[in-house]
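The next block holds one structure in the form of structure tokens; read it before the comments.
Throughout, read-outs are computed from the coordinates displayed, never taken from laboratory work. Remember, it's a predicted structure, so these values are computed and weren't measured experimentally. Neighbour counts run over all protein chains shown; Cβ positions are idealised from the backbone, glycine included.
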Amino acid sequence: MMRENAISDPQQEQRVFSMRVMLSVFILLGLTSIILFRYFDLQINRHLDYVTNSNKNRIHIRSVAPTRGLIFDRHGQLLADNRPAFTLNIIPERAKHTDQLIAQLDSLLSISDKDIARFEKRAKRSKGFAPVPLKYNLTEQERAILAVNSHLLTGTEVSAQLMRFYPQRELLTHTLGYVGRINDREIKNIDPESYRGTDFIGKIGLEKYYEEALLGKVGTEQVETDARGRVMRIISKKDPISGSHLTIHIDSQLQGVALDALKGERGALVAIDVKTGGILSMVSTPSYDPNLFTSGISQKQYDGLLNSPDRPLFNRALRGQYPPGSTVKPLFGLIGLQHKIFDIDYSIYDPGYFFMEGIKRPWRDHNADQGGHGHGVDLAEAIIESCDVFFYTTGIKAGIDLLSEQSALFGLGDITGIDLPGEKRGIMPSREWKKANRQQNWFDGDTINMSIGQGFMLTTPLQLAVMSARIASRGKAVVPKLLKSIDGEEIAPEFAPNPIEYDDKYWDYIHQSMVDVVHSNKGTGRGISKGLSYKLAGKTGTAQVISIHEKEKYDSSKIDKNKWDHALFVAFAPADNPQIALGLIVENGEHGSRTAAPIARKVIDSYLSNSYQESRHNDASKLTQYSPTPIEDD
Amino acid sequence: MYKYDFVRQLDTKGGDRRQNVLHIDFTLLIILLVLCMTGLFVLYSASEQSMYYVKRQATFMLTGFTGMLIVAQFPVRFWERFAGLFYGSALLALIAVLFFGVEAKGATRWLNLGFARFQPSELAKIAVPMMVSAYLSRRLIPPKLKHVGGALLIIGIPALLIIRQPDLGTSILVFTSGFFVLFLAGLRKRYLVGAFFGSLAAAPLLWLYVMRDYQKQRVLTLLSPEDDKFGAGWNIIQSTTAIGSGGLSGKGWTEGTQSQLNFLPESHTDFIIAVLAEEFGLLGVISLCTIYLLLVGYCMIIAIGAQSQFARLMAGSISLTFFIYMFVNMSMVSGLLPVVGVPLPLVSYGGSAIVTLFFGFGILMAISSEPKRIGSWR
């Protein structure tokens, strides 16, 4: 070491060092140039590309869901409302490891497998920056947990959205319907543009029928977000246009009375405003709370509803098809009179049985054991006492073609045209119908069965109500409608294209006969006449669920209740100036007179006692206005 | 040695010591102050406009300045004499990390001293060039092969220990700081060329046997960041976006959307240059580079004017290493080099790096304030 030091040369050391420093300076300048060139390239040459990227990072177009239109009853009672609900979303682009994040959230909130499965399905179609919902309807506590842990949960967001709420709960479920999350099938049939920002769609009932009007128009917002997806500010926005507010003819109070009257029964009732065809009440029991469906019903709850023997999900009023039984007698009588099959003076002898030529088996009347109604049964008596033999006799005379063709004018055998989806047509049989559906010719026996509303004939409770409304209005062929006004604009009543032009004297005769069903002391509906302050016209009906052999007597005590006869009733009131008409059925209610008629009385009583106060409340201008601005939450 | 002292004594006779009483080089001090102020200014914006980081960083800087002034009071000979001891302690500390290290973020780099955490690899950044300088200053120039080997051993042991932690960035800095001493000491061109091709040849071996998966990943990411947009590629995509969108004059202080909206990761530490580039544009980048080059240039002038071979090599190595900090950082953030954890000197937030850097500048001050031999240079 010493030796080496001894010959070291400071001059040379310094010279070499200086040379090397010079060399370094060149290298340094070269490297600096490389850096500056790189920055120049990024910042000048490719500046615009990166500006675009930077804006894409932070500026997002967000859809703002329109507020769904509200639904009110005729008195301005709110039937379908929107309330804020909170949803936990994941922004896939910002969450680096979605699985890990979900596991983390699961430990905080417990996320169901179903939620995760749905999330994953949705995440696949998502655009990355768009929030994908993971858990709906966060409770206040859950939101608090998320807020406290938000710094650990990069890529999550809690959003608030307005959710459908039905404050009247089970009152009007079948008619109003409900909204639910858009499912895979629906997503193929909707315009994705209109539903951007909306997860809900009307599933059944009015919500489905008026989906387009209720939905509104989607708005957009340009928002600046940070890397976590948190919205920092709104750059610009185009407000959504909220859906139309609907007012429907339904009278909630009346609806309540009807629902109450049918409580505990399986049945349906439809009440119509005779003059406009507006549906005043439409009940199907048992009902259920539609709010269960808006936020995703649990499988258990759904199975409970689906598998209940009472079939609560089934809208009997619109889709239940029952033999109308004797409730069609006034109609068939009226048709017979108008078409001169028989006249007002015509009467028959009723031994309790009806024999048709060439057929051994007789048709029994319901009072066959008492020897029938005896001599001199005319149409009025046949309606009042519900004499089958009279209608067997006149039915054969009138023939299937006339009955079929004319009944159609009263709304039987075809959809009524009510503004609800899924209406059933019922069956108003005809020769063609039997050929097409039974591959058989029409027999007179079929006519006989049909002439008392049995056999092939089926009607929905809605059709019965329409029929009685058209009888009540003396042939004004109102079409049943729920929608009364849209955004305050009244909807004009609608009438069927084919008018019913019958003679006044026949209308009078039939009306009087139906009044006597209730008001005369022989009428099958006399049980409800007590204390009536107005004239109520009605007709009872009993529809067989099983056929009873001609020698047997129907004895309910020997039969399962679910095979008991259905009880029906059609009515309108006041008879001199009809305002309300209704049709109703109580499944396995046995007798129209005992089970169904009292329900009709309650409903009509309630309606007539309140109806003159109506116009005072009929003000749709006091609708609650909701701001369309979405509620932001982090 | 004696001759050296003799010449020195001759040269200093008559006293050229006016400016050297406090051993402060005011030019260096002012450039450093300007750089630190710039750094704090950018840091404020980069840390979401919180004074928390700015205050802490200012404290580190104050500590660093104080440390620098203290170090400057020691004569250069002191460091030369105790280089071995210093190096030995650094090596021991690095070995201690192997056994008693504290783990954080998947790497074991720290020793817990009870009152503070201490990163021995920072010590190595000074100790290695110091030891190599001391070693080579006593050897003939240009270094003979065996001395080159000796120097490489001095460099290699700590560098390998640091790679093991793992801390590739620091390891590279330690290695280069040592290598610069060899280079400045006149390492023959054939060795340089050999080293160049040797490293080319070693690259595949490094890839296969030395580099860890995550390190390989970083290289792959550099080549195609779009492959893993939201994973490994995220940082580099966001930083280039920040830089590029800054344009010529930038979006304005605290107005950078990439950094302010948290798209840019590590915005107050390793990626702070992207904040500066976004908010002050290319002009900001050029200004910062100018300050850095002034600093490095001035340090090199100090090195050339140094009184001993040890001082020269040490000063030269510190200057060049400082430049490498800046170069590696600015390259990795702009996507020219794989992401290795090298901070932007005196601008990135972080106490250890700042204290180490000022330690180096303290030695430079000591060198610059040493009595000069008149006409010694040229």
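A few notes on this one:
- Gain upon complete extension [residue A:346, residue A:235; 0.36 nm per residue less C-alpha separation]: 31.6 nm
- Nonlocal amide H pairs with residue A:132, under 5 Å, H built at 1.01 Å: A:90, A:91
- Spatial separation of Cα centroids for the stretch B:307-378 and the stretch A:275-330, in angstrom: 84
- Eligible lysines near residue B:251 by straight Cα distance, threshold 29 Å, same-chain separation 8 or greater: A:56, A:96, A:127, A:237, A:238, B:55, B:229
- Structural descriptor for the stretch B:58-149: relative contact order 24 percent, calculated from alpha carbon pairs under 8 angstrom and at least 6 residues apart.
- Applying 1/(1 + (r/R0)^6) with R0 = 22 Å to the Cβ-Cβ distance of residue A:505 and residue A:275 gives a FRET efficiency near 0.50.
- Principal-axis tilt of helix A:252-261 within chain A, Cα atoms, nearest 10 degrees: 60
- Rounded, prolate or oblate (a/c below 1.5 giving rounded, otherwise prolate when a/b exceeds b/c) for the stretch B:74-211 by Cα gyration tensor: oblate
- Label-to-label distance, nm, for residues given as residue B:203 and residue A:106 (7 Å Cα→Cβ offset): 4.5
- Distance from the C-alpha centroid of the stretch A:241-255 to that of the stretch A:565-599: 26 Å, rounded to the whole angstrom.
- Taking the charge dipole of the protein assembly as shown about its Cα centre, with +1 at Lys and Arg Cβ atoms and -1 at Asp and Glu Cβ atoms, the residue from A:110, B:263, B:26 reaching farthest to the positive side is B:26.
- One chain, two ends: residue A:41 and residue A:308. Fully extended at 0.36 nm per residue, the span grows by 88.9 nm beyond their Cα-Cα distance.
- Pairs beyond 28 Å (Cα-Cα), from A:114/A:481; A:203/A:424; A:263/A:300; B:125/B:189: A:114/A:481
- Spatially proximal aspartates and glutamates relative to residue A:124 (Cα-Cα < 13 Å; intrachain offsets below 8 disregarded): A:93
- Relative to the longest principal axis of the Cα atoms of chain B, the long axis of helix B:168-184 lies at roughly 30 degrees.
- Placing R0 at 30 angstrom, the Cβ-Cβ distance between residue A:169 and residue A:217 gives a FRET efficiency of 0.50 after rounding to 0.05.
- Dipole moment magnitude, nearest 20 debye, the stretch B:74-211 about Cα centre, only Lys, Arg, Asp, Glu C-beta charged: 520
- Axis angle, to the nearest 10 degrees, between helix B:26-46 and the longest C-alpha principal axis of chain B: 10 degrees.
- Sites residue A:48 and residue B:287, calculated FRET efficiency, Cβ-Cβ separation with R0 25 Å, nearest 0.05: 0.60
- Extension gain from residue A:369 to residue A:397, taking 0.36 nm per residue of separation minus the Cα-Cα distance: 7.5 nm
- Centroid-to-centroid, using Cα positions, the stretch A:150-179 and the stretch B:227-294 are 43 Å apart.
- Separation in nanometres of the label points that stand 7 Å from Cα toward Cβ, at residue B:220 and residue B:49: 4.1
- Between B:98, B:132, A:180, the Cα set farthest toward the positive side of the dipole of the protein assembly as shown (charges on each charged residue's Cβ, about the Cα centre) is that of B:132.
- When chain B is treated as a GNM with alpha-carbon contacts under 10 Å, the residue of B:231, B:351, B:281 showing the greatest mean-square fluctuation is B:231.
- Computed over the stretch B:74-211: relative contact order in percent, which uses C-alpha pairs under 8 Å that are six or more apart: 23
- For the stretch A:1-139: relative contact order, % (alpha-carbon pairs under 8 angstrom, 6 or more apart): 21
- The residues packed around residue A:565, meaning those with a beta-carbon under 10 Å from its beta-carbon, carry a net charge of -1 if Lys and Arg are +1 and Asp and Glu are -1.
- Label separation (residue A:576 vs residue A:55): 7.8 nm, computed from points 7 Å beyond Cα along the C-beta direction.
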